[in-house]
1. Given Cβ point charges of +1 (Lys, Arg) and -1 (Asp, Glu) and nothing else, what value in debye, to the nearest 20, does the dipole of the protein assembly as shown about its Cα centre take?
2. Note the distances from A:Thr163 to each other copy's matching label point, with points 7 Å along the Cα-to-beta-carbon direction, in nm, sorted shortest first.
3. What whole number of Å gives the distance from the Cα centroid of the stretch A:59-112 to the Cα centroid of the stretch B:272-323?
4. Past the 26 Å Cα-Cα mark, which pairs from A:Lys329/B:Lys183; B:Lys75/B:Lys183; B:Lys89/B:Lys329?
5. Dividing the Cα radius of gyration by the Kirkwood radius, what Rg/Rh value follows for the stretch A:62-130?
6. What does the net charge come to around A:Gln132 if you take all other residues with beta carbon closer than 15 Å to its beta carbon, with K and R at +1 and D and E at -1?
7. Summing +1 for each Lys or Arg and -1 for each Asp or Glu, what net charge is found among the other residues whose Cβ lies under 15 Å from the Cβ of A:Leu269?
8. Take the Cα coordinates of the protein assembly as shown, assign each an equal point scatterer, and use the Debye formula without solvent to give log10 I(q)/I(0) at q = 0.06, 0.08 Å⁻¹.
There are 2 protein chains.
Amino acid sequence: MRYGVLLAIALVATLASGGTAAAQERHLDGPLILSQEGSFFVGGDTQTVAPDSDITVNQMYVQYQIPASIDARPKPAVVLIHGCCLSAKSWEETPDGRMGWSEYFVRRGFPTYLIDQVTRARSGFDPTVFQQVRSGVAPPDSLPNILVIGHQAAWTSFRFGPTYGTAYPDEQFPVDYADEFYKQMIPDLNLMLGPYSGPNPTFDHLATLANQTGGAVLIGHSESGFFPENAALIDPQHIRGMVTIEPGGSCTTANPLTVPLTPDQIVKLAKIPTLIVYGDHLSGGFLKSYADCHDTYVPQILAAGGDITFVSLPDMGITGNSHMMMLDKNNLDIADLIMRWIDSHT
Amino acid sequence: MRYGVLLAIALVATLASGGTAAAQERHLDGPLILSQEGSFFVGGDTQTVAPDSDITVNQMYVQYQIPASIDARPKPAVVLIHGCCLSAKSWEETPDGRMGWSEYFVRRGFPTYLIDQVTRARSGFDPTVFQQVRSGVAPPDSLPNILVIGHQAAWTSFRFGPTYGTAYPDEQFPVDYADEFYKQMIPDLNLMLGPYSGPNPTFDHLATLANQTGGAVLIGHSESGFFPENAALIDPQHIRGMVTIEPGGSCTTANPLTVPLTPDQIVKLAKIPTLIVYGDHLSGGFLKSYADCHDTYVPQILAAGGDITFVSLPDMGITGNSHMMMLDKNNLDIADLIMRWIDSHT
């Protein structure tokens, strides 16, 4: 098992050597040329909240850009899925004003879809329980536990540095702009969606979106790190690849989050090429998640004949990457690595 | 006074005659070519919610696209400000898949900025009071009154038709896609911001954003219809024009919402060119808002020497427009009218 993983690392190391490509080769220069852009929703349920008053809940907002073709070989669509206490903003311009992954994927020829998770940002949330508690119809403890990450916790758990205000010597996150980053951390209502008791509607919507795009690579991060796999367990048909970046939970449980993956689920997941990526300075929950994915999930998928690549960036000599690697100073190098994996594995 | 208003109507009627321009002239054909795109935040306050735990609140998310120049004469930036229970999604692709105003303004050469109001969508909201109520530290009635519009109320108050499910014969809203529209209606937490007791932070952020863009035309709609004016009362210096589309509140009170505009405020507002636009089939609150703007505010601004244009679309022969005119079937015609006003008045 260990051999398979190491082989995969070596392969990606070779693929990543083009990270020094000139700006021109990366299509960073010149205008951004789109054949199409827009936004729409996937899913949504009608809920009656009062006589003659219905609202829509559980819809997922999607924003997309389709590049004018730059490559003879068409690229698959990519769907970028943000993490806890964040929105699709995470994939856009970085806190220090550099290009984010959303624009870079488009510039490199990928039809690119950003989503706001159900209950977050432009997807909205179901206000019913809040109104019921306010009016005394429901008890206060029926309010959801709103997930929030404070500045101090983000600094250490997202590995900007060992203690709040101090950066790691080789830190890649633009720590001078941490205050700008904190502005994209917003309340997370995912615990309204019953993740411990049943599937989050975002999973189903991601499978539907993959279908609507004509086949997509799903890229999840942190809270959503294992969302591509959860979508594939519902409908794998249009998911051409799964990229799991530092899953905040685990690689060994799906939804409900407390139930281990079954052998049948492993067989299903092994049919889709998978890339797992971890950055540097891992600690706490992410160290546990790393071990879980590396030592248990990867061998399970390999044993089922799957194509799975496990990348530890520091093991490849790429050091100092934070949990928010899509915003790090070398963010485009990491994107290059993912794009090369997509080109050769999907 | 009435003469001044009629003159203004006649002027815009002439300007609107180009609404039949070919798709090519409108730059609808061919790729969308951007010199730059990205997103950032304006404002934001640090709030300590627990020992060693700070969060950022009151920040405003901004998403922008700068077109590659298509015109010898550079266009001013435009800032599109969504209304109640909506997000910046309102300005994007329509529910039936046509081009929205955000892309159209870019295609016509305007640097275009979309915002999510403070407490909405990607701007996030302050979760503190929700957590306090849940844990029993604060009483249930300290929760904010969350504004929500149901499908039935939206249908009639946004004037898709006289009764739910029935459209006006000349209706411009794409009513067959109303279910898709409802998905962009999300909970509105603006009443957390004390609109009856003090200024909404979005006003200040809009004035700051106008400065950051090097001068901008602010375009408000419905709840935000009078936001351009409220921003100008804080700092008019970089606001090159104000477009007020069917203000949901009033043209005669600023923030706090219960206090009438003072003569000094009228003088300040009269220094910035203003366009007010109303659609068809007005009823209820919008009929009152129309009368308030037309009969009181316009004469006040004219008396102070201001350049103000009041447009009633049906009076110009453009019939059937709903409150959501940026999504109506003739949405680009309405945008053309606004662009011509910008070209000749700012």
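Since every read-out is calculated from the coordinates, none of them should be taken as a lab result. Quick caveat: nothing in here was measured; it's all calculated off a predicted structure. Here the Cβ positions follow ideal geometry from the backbone for every residue, glycine too, while neighbour counts run over all protein chains shown.
1. About 440 debye.
2. Between copies, matching label points for A:Thr163 lie 7.2 nm apart.
3. 40 Å
4. The answer is A:Lys329/B:Lys183; B:Lys75/B:Lys183.
5. That ratio is 1.08, to two decimals.
6. Neighbour charge sum, excluding A:Gln132 itself: -1.
7. -2
8. For the requested q values the scattering log ratios are -0.34, -0.61.
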